[in-house]
1. How far apart are the A:Lys94 label points across copies, placing each 7 Å from Cα toward Cβ, in nm, shortest first?
2. Counting Lys and Arg as +1 and Asp and Glu as -1, what is the net charge of the other residues whose Cβ lies under 9 Å from the Cβ of A:Ala12?
3. So for chain B, taking the charge dipole from beta-carbon charges (+1 Lys/Arg, -1 Asp/Glu), which of B:Val60, B:Leu90, B:Ala12 sits furthest toward the positive end?
4. Please compute the average number of Cβ atoms from other chains found within 10 Å of each residue's Cβ in peptide D:9-16.
5. Could you work out the mean count of beta carbons from other protein chains within 10 Å of each residue's beta carbon in A:46-55?
6. Per residue, how many Å² of accessible area does region B:1-65 show with a 1.4 Å probe?
7. Considering only protein heavy atoms, with the full assembly of protein chains and a 1.4 angstrom probe, order D:Lys105, C:Lys6 by accessible area, largest first.
8. Give the Cα extents of chain C along the principal axes, in whole Å, largest first.
4 protein chains.
Amino acid sequence: MKELIKKLRNFADERDWEQFHSPKNLSMALVVEAGEILECFQWLTEEQSRSLDSETLKKVKEEIGDVQIYLARLADQLGFSPLEAAEEKLKQNKKKYPVEKAKGKANKYTELD
Amino acid sequence: MKELIKKLRNFADERDWEQFHSPKNLSMALVVEAGEILECFQWLTEEQSRSLDSETLKKVKEEIGDVQIYLARLADQLGFSPLEAAEEKLKQNKKKYPVEKAKGKANKYTELD
Amino acid sequence: MKELIKKLRNFADERDWEQFHSPKNLSMALVVEAGEILECFQWLTEEQSRSLDSETLKKVKEEIGDVQIYLARLADQLGFSPLEAAEEKLKQNKKKYPVEKAKGKANKYTELD
Amino acid sequence: MKELIKKLRNFADERDWEQFHSPKNLSMALVVEAGEILECFQWLTEEQSRSLDSETLKKVKEEIGDVQIYLARLADQLGFSPLEAAEEKLKQNKKKYPVEKAKGKANKYTELD
């Protein structure tokens, strides 16, 4: 991830894109790309989404790449790594969703017993 | 990233959540969380988004954590790492946006002379 | 719709919110609210989504109200009605998806024979 | 709106698309199209977004048409009109954001004194 973040900084610097890469704009770009992942799945059944044909898989992989790029760039502009943020969040989630209560349930933590 | 992916597999397994984690559903969860990042910035100016107060920053970091979690989980369900996808995409972007053409411009690659 | 658009103008004027309601910001607010609709459905099966309990239905209706509000407001800022835009788009869709080719298929128009 | 909703029912019926139009899937399509509106604005300044060139305006209008179509279709599948939902929500908003407290402020209602 550190490697990727450095490359992205360099990529933006070379193109003089720092001016466009405000956190506000990056959050928009992130959602645009996330929407393009969603587009790949919108008319598939859940089952179909578990066994994509190679063309769709390639497309989804590219869009996931885009989301990762903007996510890393956004986090970097705010001074942290998205991995660090994920690790912290995962710790919180373990508390919010204790195994004994959450097992087999898709409820939000506020709706567990 | 490998470490995170393993933890996420384990987290889902323990809670018997594999049944909910179809790529279709994960793509939805990803966009929901990306929308929550967007929410933090929607009424801010670009300038304000570059210097967040500590409370908003904390909130954004949590949402970025969520997006990273779902992105890693989705990619893992499809058999690859989001970092790998990002590296591949970055290579493509370098070709699509050569420095001499893209410098200082926010145009899409299809709109660069 | 005309009635709603007038009320929304008045609502924003009274609160001096015109300054925040740039099309850029409104497009963000629109997506944030659309994401909140998505949240209601993310872990449901398609079948479950066709028969919501009354609490979820109430929540979805509120979020649909929010999306309609921002959509109307955004279109109004750009000088047209969203209904007019929908009617025009529907005409295009009829050409893109002729009954004989599109019947029973979820493919994008570019992928119909 | 009633006219549009009828046309959309007819459009889907003729193409045998009812099977794909679960509320879950429609909520995804809605967000995908909302993301395409966002894409038009992501690298523009707020000021630029207030005076679009004719090509971008045409594009945005089409995307707004798409969002209105899916929003109307989703609401119809759930048994109500999006206009009705918007009117109800607007009433709530008037209570949440009283003029004297909300004037000139972009805060969420939970953050107004």
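The values are calculated or read from the model by the stated rules, or taken from the named source; none is laboratory data. On a predicted model such as this, the values are computed, not experimentally measured, just so you know. Glycine also receives a Cβ, built like all others from the backbone with ideal geometry; neighbour counts cover every protein chain displayed. Ligands, DNA and RNA are excluded from the accessible area calculation, which covers all protein heavy atoms including side chains. Shrake-Rupley method; radii C 1.70, N 1.55, O 1.52, S 1.80 Å.
1. Shortest to longest, the spacings are 3.8, 5.1, 6.0 nm.
2. Details: positive: A:Arg9, A:Arg15, A:Arg73; negative: A:Asp13, A:Glu14, A:Asp16, A:Glu18.
Summing Lys/Arg as +1 and Asp/Glu as -1 gives -1.
3. About the Cα centre, the residue reaching furthest to the positive side is B:Leu90.
4. If you average over the peptide's residues, the count of other-chain Cβ atoms is 4.
5. Partner-chain Cβ atoms within 10 Å, mean over residues of A:46-55: 3.
6. Numbers: 2860 Å² over 65 residues.
Using a 1.4 Å probe on heavy atoms only, each residue of region B:1-65 averages 44 Å².
7. On the way: D:Lys105 75, C:Lys6 125 Å².
Ranking D:Lys105, C:Lys6 by accessible area, largest first, yields C:Lys6, D:Lys105.
8. That works out to 52, 36, 24 Å along the principal axes.
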